[in-house]
Amino acid sequence: MGRGIVYGLLTRTLFIVGAYVIHVYAGRVLKPELYGTFGVILAILAISSIFYSNGVREAIAKNISTHPQCARYIFSVGLLVQLAFGIPIAIVIFLFADHAARVFQDHHLALPLKICSAVILAQCLYYVYLGTLNGLRKFLAESVVGIVYSVVRPVTVVLAIGAGYGVAGAVWGFLIASVLAAVVGHGVRGALDNTPIALSFRQMLTPATSNILTFGAITVLLNVDLLFVKNLVSSADAAGLYTAASAFSKPPYWLMFSFGAIALPLVTSRFANGDLAQCRRYLTQVIRYSTLLVLPLAVIIAATAEELLILFYSEEYSRAHQSLTLLVFGVWLIGLISIMAHMMIAIGKEHLMAAMALGAIALDAVFNMVLIPYFGLVGAALATTLSALGLLIVCGGYVLSRIGLDLTFVSVLRLTGLSIALYIAPGIPYLAETPLIVQYVILYAGFGIALVVVRELGPMDWAVIRQLVQTREK
């Protein structure tokens, strides 16, 4: 278990670093207009991956880990289910690529979208191999495949853009990385036992359907605002500016999601045994520590949004700083939603969570259509934030009614006061003159020290964190 976690963290870290290498290089070289086209492609790929990146992969891993003697048969069924999702999506994207280019009034979209159809099929294979290796407990091999994708993707994308192939070349980079990772996955998979098992398409897919809908809806919340910007804002560079803001709003979500994944098995087992008091303690700890860790990061990004965009992109991207300031809090709320979604799954209410999440998508679409024409990029960020807040109130309220939460008013007051001070701090003359990365270190460390000074963090907290990690390991 420990090695699997380490391998997974390494792969995830390389993936995130590679993603930012792609974003920053593409933003600097392609400039806002074409970078916006690239951002739309990434959003469409992200939304398309809802159906093949997680649900079937997890079902394959679960079934193979339970029945390793039937691994080859499970692999075959899983591959068929995966392609049953991937092929129709690929065909639709290929056939409607030209129409999408007309809808978004961007002729640069057509060819990259057609290449995306091949990327989707290659990624279907890639995720099947990841699920198979995970189920076989070949964690090192699974990590190798993930690392190949995470390293080859930014290298090929940067080379293609640098060689002048533009957005289409960047998408070819995605395709090359996906194909190569799938080939490596096939090579390290090895021979599989082929004992037949009574496993149908429906049995493979049904347990994952609600999870696909729930986390798929979260993926849509994270990405669909950019598509509305592309369609509703007349400025040619608007989508590029918003892509930059969106890219640097995502870290709070990635970190918060990890806390939900940690809490899921702990709450599931305790809830099944009727131990609501322990469930409440787990939820309280996860909400509290994720907030202490991630909220200051969101506040720092919001407070230094303009400087951050200029540092990594260029001066012309600074126009997106207001949308980033607002959007990063919306994404932080989506991170809290991901924790509540894991809790809904833990208490057996995944169908209800899926319905709530789909309702939030409809609300988000309405907000985007109403707010963007009036407020532009800020309207898109506001739409995401309001939709996330609404979904958090609904699903969070349900979880709290079933499990409860032991947060005190004094703690909320302390965190609010410290967050306000942290937001103001970058304006201090001496601090404002230091390099931005140094500012981040000083501000984040200062927030941690302040938590200790006001007695929001103490020795007991470290004991609780160690206990959570040790419980997770078991």
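The values are calculated or read from the model by the stated rules, or taken from the named source; none is laboratory data. As the structure is a prediction and not an experimental result, all values here were calculated from the model. Positions of Cβ are generated from backbone atoms using ideal geometry, with glycine treated the same way; all protein chains shown enter the neighbour counts.
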Checklist entry - Within the bounds of the stretch 331-346, is there any residue that is in contact (Cβ under 8 Å) with a residue 24 or more places away in the chain, farther than 30 Å from Gly274 by Cα and out of contact with any Asp or Glu (no Cβ under 9 Å at 6 or more places or on another chain)? => result yes
Checklist entry - Name the residues in the stretch 397-419 that are of a type in the set (S, T, N, Q) and modelled with pLDDT of 90 or more, would you? => result Ser401, Thr416, Ser419
Checklist entry - Within the stretch 268-296, can you find the residues that are crowded, with 19+ Cβ neighbours inside 10 Å, under 22 Å from the mean Cα position of the chain (by Cα) and of a type in the set (A, V, I, L, M, F, W, C)? => result Leu283, Val286, Ile287, Val294, Leu295
Checklist entry - Does Leu80 satisfy the criteria of being hydrophobic (A, V, I, L, M, F, W, C), within 26 Å of Leu133 (Cα to Cα), more than 24 Å from the chain's Cα centre (by Cα) and modelled with pLDDT under 95? => result yes
Checklist entry - Pairs, please: C-beta under 7 Å, at least 6 apart or cross-chain, first residue closer than 20 Å to Ile147 by Cβ and in the stretch 15-31, second charged (D, E, K, R) and crowded, with 16+ Cβ neighbours inside 10 Å? => result Gly18/Arg153
Checklist entry - Scanning for something in a loop (DSSP other than H, G, I, E, B) and under 16 Å from Ser117 (Cβ atoms), does the stretch 31-52 turn up at least one residue? => result yes
Item to check | Test: Ile120 is assigned to a helix (DSSP H, G or I), surrounded by 22 or more Cβ atoms within 10 Å (Cβ to Cβ) and in contact with a helix residue (DSSP H, G or I) (Cβ under 9 Å, 6 or more places away or on another chain) | outcome: yes
Item to check | Pairs, first assigned by TED's automatic domain parsing to the domain that holds Phe139 in the stretch 61-76, second small (Gly, Ala, Ser) and part of a helix (DSSP H, G or I), C-beta under 6 Å, six or more apart | outcome: Ala61/Gly131; Ala61/Gly135; Ile64/Ala71; Ile64/Gly135; Ser65/Gly135
Checklist outcome for this item: Those residues of the stretch 5-22 which are over 12 Å from Ala247 (Cα atoms), of a type outside the set (A, V, I, L, M) and modelled with pLDDT of 85 or more amount to Phe15, Gly18
Checklist entry - Can you find even one residue in the stretch 402-416 that is of a type outside the set (A, V, I, L, M) and surrounded by 19 or more Cβ atoms within 10 Å (Cβ to Cβ)? => result no
Item to check | Pair list, Cβ under 8 Å, 6 or more apart: the stretch 129-148 residue surrounded by 24 or more Cβ atoms within 10 Å (Cβ to Cβ), other residue outside any helix (DSSP H, G or I) | outcome: Thr132/Leu192
Checklist entry - For residues in the stretch 70-116 being among the β-branched types (Val, Ile, Thr) and surrounded by 17 or more Cβ atoms within 10 Å (Cβ to Cβ), which is farthest from Gly240 (Cα to Cα)? => result Ile74
